[in-house]
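Beneath this line is the structure, given in structure tokens, with notes to follow.
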Amino acid sequence: MRNHTLTKAVVLGAAASLAAVMGTASAAPATAPSAAHTAPRQSGRPVVVDCFWQPQVRPGAFVIACGDGNSLLSSVHWSQWGSRSAVGEAVNMVNDCKPYCAAGRFHSYPVTVRLDHPQPWKKRPQLEHYTRMTLTYTDGRPDGFGRVVTYPLWD
């Protein structure tokens, strides 16, 4: 009986630790961006605001679902970052949440990413930020997703 209780405690502790790490990871980019990609450029080009309310220019990774981390972009390669839009190629990592999200598996889907509709950022009005992200799935897509999906970006 004691071994069962000890095993149960170890499993619950491991699960709690994993949940804490996943919670932190879900709010953080999958890879640490270099300093050149985190600081907004002085050229007046828009930024994209990450889950920590930090302005990013050409991030190599981006969490789409800040609340639960079940959708993120990785391996982002930007071909354009302009005053009206930004375009790049990436991999959208999406949790299938089967049978539920904590037990789900992440699947990779190549996408074209477009950021647009720049507006002054409420937190720092001197900076413009992109307010919309459009993903176009180029080879497969998650169940229930259209070929093109558009998300509003936070302010």
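Points worth noting:
- Here GLY140 fulfils each of the conditions (1) surrounded by 17 or more Cβ atoms within 10 Å (Cβ to Cβ); (2) modelled with pLDDT of 95 or more apart from (1).
- Residues within the range 131-144 that are among the basic types (Lys, Arg), free of Cβ contacts under 8 Å to residues at least 24 places away in the same chain and in a loop (DSSP other than H, G, I, E, B), tallied: 0
- Residue check, VAL91 among the aliphatic types (A, V, I, L, M), in contact (Cβ under 8 Å) with a residue 24 or more places away in the chain and touching a Pro at 6+ places or on another chain (Cβ under 9 Å): no
- Only residues that are more than 16 Å from ALA86 (Cα to Cα) and either in contact with a Gly (Cβ under 6 Å, 6 or more places away or on another chain) or of a type in the set (Gly, Ala, Ser) (or both) were counted in the range 97-155, giving 10.
- Matching residues in the range 66-124 - criterion: being under 19 Å from the mean Cα position of the chain (by Cα) and of a type in the set (Lys, Arg): ARG105, ARG114
- The range 96-133: number of residues that are among the β-branched types (Val, Ile, Thr) and surrounded by fewer than 17 Cβ atoms within 10 Å (Cβ to Cβ): 1
- Pairs where the first residue, in the range 112-130, is without any contact (Cβ under 8 Å) to a residue 60 or more places away in the chain and at negative phi and the second is small (Gly, Ala, Ser) and surrounded by fewer than 18 Cβ atoms within 10 Å (Cβ to Cβ), C-beta under 7 Å, 6+ apart: ARG114/SER85; ASP116/SER85
- Scanning the range 94-111 for residues that are out of contact with any strand residue (DSSP E or B) (no Cβ under 8 Å at 6 or more places or on another chain) and either touching a residue at least 12 places away in the same chain (Cβ under 8 Å) or closer than 20 Å to VAL48 by Cβ (or both) returns CYS97, ALA102.
- The residue list VAL48, VAL111, VAL87 contains one member that is part of a strand (DSSP E or B), at pLDDT 95 or above, closer than 13 Å to LEU153 by Cα and not charged (D, E, K, R), which is VAL48.
- As a summary of the residue check, ARG147 satisfies the conditions (1) buried (at least 20 other Cβ atoms within 10 Å of the Cβ); (2) of a type in the set (D, E, K, R); (3) without any contact (Cβ under 8 Å) to a residue 24 or more places away in the chain except for the one numbered (1).
The values are calculated or read from the model by the stated rules, or taken from the named source; none is laboratory data. Worth saying up front: this structure is predicted, and the values here are computed from it rather than measured. Don't worry about glycine lacking a Cβ; one is built from the backbone with ideal geometry, like all the others, and counts go over all protein chains shown.
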